[in-house]
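Just so it is clear, none of the values below were taken in a lab; they were calculated from the coordinates. Not measured: the values here are computed from a predicted model. Cβ sites come from the backbone with ideal geometry, for glycine too, and all protein chains shown count toward neighbours.
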């Protein structure tokens, strides 16, 4: 074989190899310990979309952060340095996100948030490589505040745990409610007994209650509240009322109103396909975390159809265009790369044997985020 | 704050203390008799709650669920004692801490493997739901009153066991001088297994009772474990009376601290900041209490004086 | 040469060769893992002085780890936002210089250790364990709910702090720095163990009455040991925060205290290189087992249990036999 043929053959092989260039996505999420249900749902929703698309040039690497910030940082380092991923995603908790995202974006990697979207990263800390596909942390609380106002409540009692997400939630509520409060209480992070707070509520003369108590805290509060004889309308963000928590709370959660940007009964084709596909594959109903995972995967796939992550400018533009079928219907990004979307109010109902949510009102239309003006990407 | 509200908060503090007592009693019994620090006590609490949730879900009966919780926790306790704890009596506290820490990992993830990552449903029986109006106008949930009753019953039962039965004599003797009772012919290993199982059963009972008004999920035992240790240290290790008084003190401090400290700060700043700052200090309150008690009485309130 | 000396030499060699190979093979993540192991080892060496030598089972040692971390976090965050820490009575600016940060971390943790020691050493046995835990928990809850420095969200430091003459962002250079510090501290520890103070402390751990009979106060010895121990763990905390470019209240949690204790116990209590072996094994297990199953913590627990129950004196103890005193 002559040198020329050899060279030609070699270059053909090289071209073929580069055409098969893999895109690697690194998913860091919580798969063990107490908060695992959120990470598991995120992963399952994400992979449902990935597997439906069936692209063999996209590889997803999934790792468990155990809800520890230093492990998340380690994993991010490993994915960036060792596995050479182009895109990171999946973190559930704001404190882990704050540990990982600034460093990852500073190294030129794209980060798409499937859940946590703290205020710092939506305002002054915004970054061209950082997109939030879910919401901005305050949004769902703002919806509850808007609902309280529109329902004519004049004396709500508001409550959240004493940590940054809790402080953000009460601020978000107050921002859209804008009226007088019967009481504002910060509970201890991880607190399980709310008898004292319920006694305060009873004594305060409130006409409604807003609370943000994620995970086991919310389950405890709802059970104790339902048994307390206090019968005030209750509102909160969807985090306290997701599909997993509802089954554990049962009857005590009935009738509660919660703010959410997604519900399984949202009326569009993409959502119907998502819910039925998820139920068929995993034998349970999806939660909003699964919906965000699914949407993030589809957004990524839509961008990959147009550009490669190695061409950062083009890929970023493709992401910003958000040309995909979101399960939330209309979807677009604001200048700080957080969504503009409708936030609804859902009510907890029972369908057969299962507790779930249904939309009863639209609380805020085309909501962006309170920090968009602080972002210098305008 | 009105006197009625304050009275209700005091009642809440006492009730949370009584629940802590169930956990602490088992822990102090095990430490007092066997000299063993058992970090896995919180996992036994969790096992009781999960057993109760599983049985209540299958049969619909809360009574059966409680029995299941006692049985499952006692069985788990006996098994752990036979396989692991037995080898730790002669070791120093350090090895005990690490071995039982390892047990926490195994039991927690093992439970998650068996039951999944999602929280389980467990609710109180219909007969105990609802509220009752106490003298003075306090509206109080029936279930919480039932919990107080159970706690007092357990305290009385333990006192009777300790003071009036042969087993109690052996337990008290064992706390005092292990070698002697072995020399006197008491089967130490059976005694230890029994005591461990009783302690475990108490933890499991607490888990089931409390799980009905809180959430049943993996990791629910660890926060309670720390609190239980705080209680037995304040009360004095090995003393059931100390565990009860310590538990009530911790319950009251925790509840009243959370309620009164924000009020205190409201005198200085606006409500939102007062709420946040007050809550910050309230979360430290019981640790400040424990440090204070230990500085004043280095072996706890009713612990053996060295 | 005793078996322990050989083992120590082998461990030191591994700490040099493995990252060296990683540098050659262009595996920066291995270097990061090694750095993590070295920093954990440093924290554990600190604990070992209180625990192994002094017999003080401190279940709240994470408080020093966290104080060191926050010393770094607070100073660096003020530096990167160009705002001073306090303006009155004199201006204190933030700083991004590692030596300064290390000094502050050491001083801060020493002061904390002094205070905690004065209060805790009035108790003994399990009461001592619990009161040290109490102090750890106090700091943890305080850090979570105090919003000024991020609360539970923690503090992100975008660029690693600087050390004169090095580019600390290059993994191998930062690793070299950490390794140098570890070796310095190990040398100091070896000297300490043989010094009059170290011998007296060891005696105080074993038979306090005899030490008192000779005219020394065991409590005073233990206090000094705790302060030295806290200082070293605090330094490790500052390095850890630099490694992750992040500090958060989890560094103060009791689980972290438990982990540091695990390093000491697995490696071998009171052995010079015990913490090094323990930290190395833990990081290795954490890295390898994580890929095996979602429930890998069960396996970690089983391994720990086996080591405690059947491994006499930890890994160093198993390989090098009983401690040769003298």
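Listing C:202, A:65 from the residue with the fewest other Cβ atoms within 10 Å to the one with the most, what is the order?
Fewest-to-most ranking of C:202, A:65: C:202, A:65.
Please work out how much length the chain gains when fully extended from residue C:97 to residue C:184, using 0.36 nm per residue of separation minus the C-alpha to C-alpha distance, in nm with one decimal.
Extra length available between residue C:97 and residue C:184 comes to 29.3 nm.
Quick one: if you stick a label point 7 Å off each Cα along the C-beta vector at residue A:373 and residue A:53, how many nm between them?
The answer from the label model is 3.7 nm.
Counting only C-alpha contacts under 8 Å and six or more residues apart, can you give the relative contact order of chain A as a whole percent?
Here the relative contact order equals 18 percent.
If you take the C-alpha gyration tensor of the stretch B:144-284, multiply each eigenvalue by 5 and take the square root, what semi-axes do you get, largest first, in whole Å?
The three semi-axes for the stretch B:144-284 are 39, 17, 14 Å.
Given contacts defined as C-alpha pairs under 8 Å and at least six residues apart, what's the relative contact order of the stretch B:3-220, whole-number percent?
43 percent
Given the Cα atoms of chain C, and with Rh set as the inverse mean 1/r over their pairs in the Kirkwood sense, what is Rg to Rh to two decimals?
Rounded to two decimals, Rg/Rh equals 0.97.
Quick one: Cα convex hull volume of the stretch A:258-378, Å³ per residue?
Taking only Cα atoms, the stretch A:258-378 has a hull volume of 114 Å³ per residue.
Does a label point 7 Å from the Cα of residue C:86, set along Cα-to-beta-carbon, have any residues of the stretch C:121-163 with amide nitrogen under 17 Å, and which are they?
Counting backbone N atoms under 17 Å from the label point, the list is C:148-149.
Between B:11, B:264, B:82, where does the largest GNM mean-square fluctuation fall for chain B, given springs only between Cα atoms within less than 10 Å?
B:264
Using the count of nearby Cβ atoms within 10 Å as a rough guide to exposure, how do A:87, C:228 rank from fewest to most?
Starting with the residue having the fewest Cβ neighbours, the order is C:228, A:87.
Which residue, A:297, A:253, A:317, tops the fluctuation ranking in a GNM of chain A built on C-alpha contacts under 10 Å?
Sorting by GNM fluctuation, first place goes to A:317.
Compute the distance from the alpha-carbon center of the stretch A:280-294 to that of the stretch B:73-109, in whole Å.
Here the answer is 38 Å between Cα centres.
Mind giving me the nanometre distance, one decimal, between the label points for residue C:194 and residue C:310, set 7 Å out from Cα along Cα→Cβ?
3.7 nm
Could you tell me what a quarter of the Cα convex hull surface of the stretch A:107-209 works out to, in nm² with one decimal place?
Seen from a random direction, the Cα hull of the stretch A:107-209 projects 7.9 nm² on average.
Want the number for residue A:267 to residue A:151: 0.36 nm per residue separation, take away the alpha-carbon distance, what's left?
Stretched out fully, the residue A:267 to residue A:151 stretch lengthens by 39.3 nm.
Could you tell me which of rounded, prolate or oblate describes the stretch A:291-342, using a ≥ b ≥ c as the square roots of the eigenvalues of the alpha-carbon gyration tensor, with rounded for a/c under 1.5 and, failing that, prolate when a/b is larger than b/c and oblate otherwise?
Oblate, because a/c is 1.5 or more while a/b does not exceed b/c.
Taking the Cα-to-Cβ direction at residue C:26 and at residue C:319 and moving 7 Å from each Cα, how far apart do the two end points lie in nm?
Result: 3.2 nm between the two label points.
Pull out the extension gain between residue A:251 and residue A:276, defined as 0.36 nm times the separation in residues minus the alpha carbon to alpha carbon distance; nm, one decimal.
6.5 nm is the gain from fully extending residue A:251 to residue A:276.
Does the stretch C:1-58 come out rounded, prolate or oblate, given a ≥ b ≥ c as the square roots of the eigenvalues of its C-alpha gyration tensor, rounded meaning a/c under 1.5 and, failing that, prolate meaning a/b above b/c?
In terms of gyration-tensor shape, oblate.
Round to the nearest 10 and give me the degree value, 0 to 90, for the angle of helix B:188-211's Cα axis relative to the longest principal axis of chain B.
20 degrees
So what is the relative contact order of the stretch A:310-378, in percent, for Cα pairs below 8 Å that sit 6 or more residues apart?
Relative CO of the stretch A:310-378 lands at 27 percent.
Once R0 is set to 56 Å, what does the formula 1/(1 + (r/R0)^6) return for the Cβ-Cβ distance between residue B:188 and residue C:12, expressed as a FRET efficiency to the nearest 0.05?
In this case the efficiency is close to 0.75.
Build a GNM of chain B with springs between Cα atoms under 10 Å: which of B:90, B:73, B:53 gets the top mean-square fluctuation?
B:90
Calculate the tail of P(r) for the stretch C:204-324: the fraction of all Cα-Cα distances greater than 23 Å, expressed in %.
So the pairs more than 23 Å apart make up 47 percent of the total in the stretch C:204-324.
If you take every DSSP beta bridge whose two residues both sit in the protein assembly as shown, what share of them, in percent to the nearest 5, is antiparallel?
Taking every DSSP beta bridge with both residues in the protein assembly as shown, the antiparallel ones total about 45 percent.
Whole-Å semi-axes of the stretch C:47-201's equivalent ellipsoid, largest first, each the root of 5 times a Cα gyration tensor eigenvalue?
They are 30, 23, 14 Å, listed from largest to smallest.
Using only the alpha-carbon atoms, how far is helix B:41-59 inclined from the longest principal axis of chain B? Give it as 0 to 90 degrees, nearest 10.
Helix B:41-59 sits at roughly 80 degrees to that axis.
Output the direction-averaged projected area (hull surface divided by four) of the convex hull of the alpha-carbon atoms of the stretch B:3-220, in nm².
13.5 nm²
Provide the three semi-axes, in whole Å and in decreasing order, of the ellipsoid equivalent to the protein assembly as shown as defined by the square roots of 5 times the Cα gyration tensor eigenvalues.
43, 39, 27
Give the value in nm², to one decimal: projected area of the alpha carbon convex hull of chain A, averaged over all directions.
For the Cα atoms of chain A, the hull's average projected area reads 20.3 nm².
Using only Cα atoms, locate the centre of the stretch B:173-242 and the centre of the stretch C:189-250, then give the distance between them in Å, rounded to an integer.
First find each Cα centre; the distance between them is then 33 Å.
Within 10 Å of each Cβ in peptide C:147-160, how many partner chain Cβ atoms are there on average? Round it to a whole number, please.
Partner-chain Cβ atoms within 10 Å, mean over residues of C:147-160: 6.
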